[in-house]
Each structure stands twice: as structure tokens, then as C-alpha cells.
1. Among the numbered criteria (1) under 19 Å from D415 (Cβ atoms); (2) within 27 Å of the chain's Cα centre (by Cα), which single criterion is violated by V342?
2. Look at the range 402-420 and say how many of its residues are modelled with pLDDT of 95 or more, small (G, A, S) and under 28 Å from the mean Cα position of the chain (by Cα).
3. Scan the range 185-197 and tell me whether some residue there is farther than 30 Å from E277 by Cα, surrounded by fewer than 13 Cβ atoms within 10 Å (Cβ to Cβ), in contact (Cβ under 8 Å) with a residue 60 or more places away in the chain and more than 30 Å from the chain's Cα centre (by Cα).
4. Give the residues of the range 141-154 that are in a loop (DSSP other than H, G, I, E, B) and buried (at least 16 other Cβ atoms within 10 Å of the Cβ), sorted by residue number.
5. When you look at Y352, is it aromatic (F, W, Y), in contact (Cβ under 8 Å) with a residue 24 or more places away in the chain and under 28 Å from E277 (Cβ atoms), yes or no?
6. Only strands (runs of 3 or more DSSP E) wholly contained in the range 193-239 count here; list those with 2 or more residues that are farther than 12 Å from V154 by Cα and of a type outside the set (S, T, Y).
7. Quick one: L275 ticks every box in (1) in the same structural domain as D112 (by TED's automatic domain parsing); (2) surrounded by fewer than 17 Cβ atoms within 10 Å (Cβ to Cβ); (3) assigned to a loop (DSSP other than H, G, I, E, B) bar one, so which box is it?
8. Taking the residues in the range 302-318 that are within 30 Å of T103 (Cβ to Cβ) and of a type outside the set (A, V, I, L, M, F, W, C) as candidates, determine which candidate is modelled with the lowest pLDDT.
Amino acid sequence: MRRVTQRDLRNLYEPAPDELYANIHAALTPLPNRRRRKKVKKKISVGFILAAALLALSAAAIAATKLNLFSGMTNSVRPIVPLESAEKLIETNLGRMENEWATMTVEQAAYDGQGVNVLARIRPKEPEAYALFNSWMMDFPEDEYDVYWGPDEVPSGTQESNIIEGGVKIVNEGGVQAYYEAGEEIPIPEGREAAMAASCLVFRENGKLYYTYQDAIRVTGRKDGKRIVGFDVDLRAVSDDPALDDLFLSMGSEAQEQSDGSLLVWLDGIAEQPLPEEVELKLTFRVWPNGEEDWSDEVLDELTFTLTKGEDERVARYVPENSGAIDDHVRVREVNIRYTAVRAYFTIDYDYEAREDELMGIHFYPYDAEGNLIHTSGGWTTDSAERGDFSSEDVEKLGFWRQQGEMQSFDEIPDAIVLEANVVDGELLGQCVCRRVDAE
């Protein structure tokens, strides 16, 4: 079974567990500017795998290249398969950087005017002595790695948060372990079960302090005895243009170890809006010789390169049949889609009045006229205030809410898109047929 990627995780809209309210790890643990979350596993149905395989066959021309720049998109629960013409957008040999631990080469990249795909290869200088590892980008199979999966230990120091009225403070330093709620010290239970029974956010075990509702998974070593050297790769636009600040609003990073000890790293980002004809990008490569968790001895290198938009996109606007009403509290205003050879970028403007049992809001899924689901990924939703559309005229024209994201592109632009509205927990509200009203 293939692994579930970060792109898959962005597609999942499942109910949060009951314990989520008590998950204070992010609020209490100071992390040094870490943006990506650790991946989790999800079982994939045979139907999904077969569908992905069939779609992958249509991308044979792209998959036939020695290095598949778009693997991060196609190797997914809901694959977005670039058109064959996307291969013409690929630029190669974009730069190289080197330090005492590894070399990184930017082997391929593509830019379609709103999204960027980058494929880099990292080669450790001594692959027999150490292996490069990053838990946000990579899986860690237990036949290769020693893995700890259990309660997350409270770091040393003092953590404070306003997660409950009056605040919470956890002290774990200088031989002192203490827990306070609203300024009052609460006895720390021994063992997790006792802490859960007492609704206490921390517990003590074998003299160590742990979070009650937070599990951790981390690599503690390799079974082949190799040293683990941590690394990170970050991609950003080099520009003062505010439009480029959100280029990686939806950012995916995946890495895969190769048989020769090198790593292939895929980076994939999309923006909220179309971008300039050219973008200058900065790739930052960090190495932590003492492991992923030790940032005290960081080795940093940077490389800049420029990508040029490879083709003109095709733009289509769709309006709903009738009033666009779905159920009695959702109304679609219009849909705008920019089709490129790599993927399509959609914007759905709509009105929505939330009900009491719809705490997470709603989400739209697009279908073609024959009822086939169009694969999407990397979506987000904003309201008019977040976008700066404060005037009543803007809201009246476009609606209060906007859902954006990426989806499968087409050689021929569809004449109709069917939107299915779902409550985020899965309840189907209804459908709306939207028809194309303008030329390319």
C-alpha cells in the first residue's frame, strides 16, 4: 500500500476527536518556527487505489521522464494528473549548493502562473555513515527505524496558556514539576489513566512529566546503525510584492530516500491569485548534524533561481442555474476557474448561514456533467472581511464566503460544473449545476 501524503491530509475533512479540546501541545510547547505538521496514517480503500491507478495511466507521458516532477500530485488519494503538455513547462538544472554534510541540486521545476513545482535531490557526503531524515516530509518504516510512539513529554521550562479561563501554567525545570489552573496548584496524577479521570492536562510517570492528551511519534535511531542527520528544505518567493507572500499558502513537501542513499524532495505550492510572468525563488537547505530535534548546530545554505511562466492559462466563468440555492441556507453566486497544463485553480463565491450543528462550516466538491468527481486538493475558505471586500456592494455581488483551491485540469474546458455542498462532517446538503457563460 502506498503512503498517504501531506496533500492527502489536506483533502481530509473528518470530525475532530472529542479529546481535541484538550490538546494543548501546540499552545504550550514553544517550537522554533516549525510550519509543517507530522504526518499521520489513513487506510485507503481498494476503490481509491484502483481509481488512482487508472488516472495515473493517463499521465504516462509525464511518468516516463526519468524524474517525475509531479509525483507529489499524482501519488495521492485524490490525484491531480497534469496534462501531457505540462512536460513542456519543466525547467532543468536550476542550481546546486553544497556543505560539509550534503549537496543539493534543483533538478526540475515548473511554473504555470499561479503554482510552483520543484524537485530537488540531496546527496549525503557519506551515505554509509549517516542518513538524512525529516519527519515532516518522510515516512519512517519500523523495519528501518526505531520509532517511539507514546505520550508526548513536556519540555523543560515553564509553559503558560489561556486555553481555559484563568490560564494554565506547567512548570518542569530545576527539579520542580508543578501544574496550575487559574493560579491554583493542582496535584499531578501518577499515570495517564488517573490524569484522564481527573481531567488533568499533564501526568507524571517514572519521574517524567507528560501531556495527557498529546501523543508523540519520533525516530530514535536506525536499525542499520547509521547516524541520523536532520534536514529541512524551505521554498519562498524573493519579492516585495504582497501577492507573492501567499505563494505557498497551500504548501506540500515530500521526501523519499533512494537506493543510493540520496533523497528526492518534492515541493509544491499554490497562490490565491495569478502571479507575474516570472518569479524568483529562494530555496533554503538546513542540516542539523545532531539530529532533527537539535537546532543548536545548524548548517544553512541558500540558493536562488528564477522560473518563467510556461504558457497562458485558460479562464472560464460559471454561473448557477436558477438562483444557485442549495438547501435553504446555501447559495452559490459564481465559479471562476483558471485551467493550466499542470492543474486548474478554482474560486467559488457563495452565501452561507451556519446552523448550530454545522460548527465546521461547509465544503464544496466539484463534479463533471456526467457525475464524476473532479479531484481537488489544497483548498481554503475565507470570508469577505478577510479578503478586504468590506463594502455591501462587494458582498452583494460576490457573496460573503469564498472557497479556493486546486483541481484536475482538462484539455477541453467543461461547459458545466456540478457543485456538491457538504457539511464538513460529511452530511450532504445538495447540488447546484453551474454553466459556463464566457469564452476562453
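The values are calculated or read from the model by the stated rules, or taken from the named source; none is laboratory data. Keep in mind that this is a model prediction, so the values were computed, not measured. FYI the Cβ positions are ideal-geometry reconstructions off the backbone, even for glycines, and counts take in every protein chain you see.
1. (1)
2. Of the residues in the range 402-420, 1 are modelled with pLDDT of 95 or more, small (G, A, S) and under 28 Å from the mean Cα position of the chain (by Cα).
3. no
4. The initial filter retains those residues of the range 141-154 that are in a loop (DSSP other than H, G, I, E, B), namely 141-144, 154.
Once the filter is applied, which keeps residues that are in a loop (DSSP other than H, G, I, E, B) and buried (at least 16 other Cβ atoms within 10 Å of the Cβ), the range 141-154 yields only V154.
5. Details: aromatic (F, W, Y): yes; in contact (Cβ under 8 Å) with a residue 24 or more places away in the chain: yes; under 28 Å from E277 (Cβ atoms): no.
Spelling it out, it is not the case that Y352 is aromatic (F, W, Y), in contact (Cβ under 8 Å) with a residue 24 or more places away in the chain and under 28 Å from E277 (Cβ atoms).
6. On the way: elements: 202-205, 208-222, 227-237.
In the range 193-239, the matching strands (runs of 3 or more DSSP E) lie at 208-222, 227-237.
7. For L275, the failing item is (2).
8. Going residue by residue through the range 302-318, those that are within 30 Å of T103 (Cβ to Cβ) are 302-310.
Now narrow it down to the ones that are of a type outside the set (A, V, I, L, M, F, W, C): 302, 304, 306, 308-310.
On the way: E302: 94, T304: 95, T306: 95, T308: 94, K309: 93, G310: 84.
Among them, the one singled out is G310.
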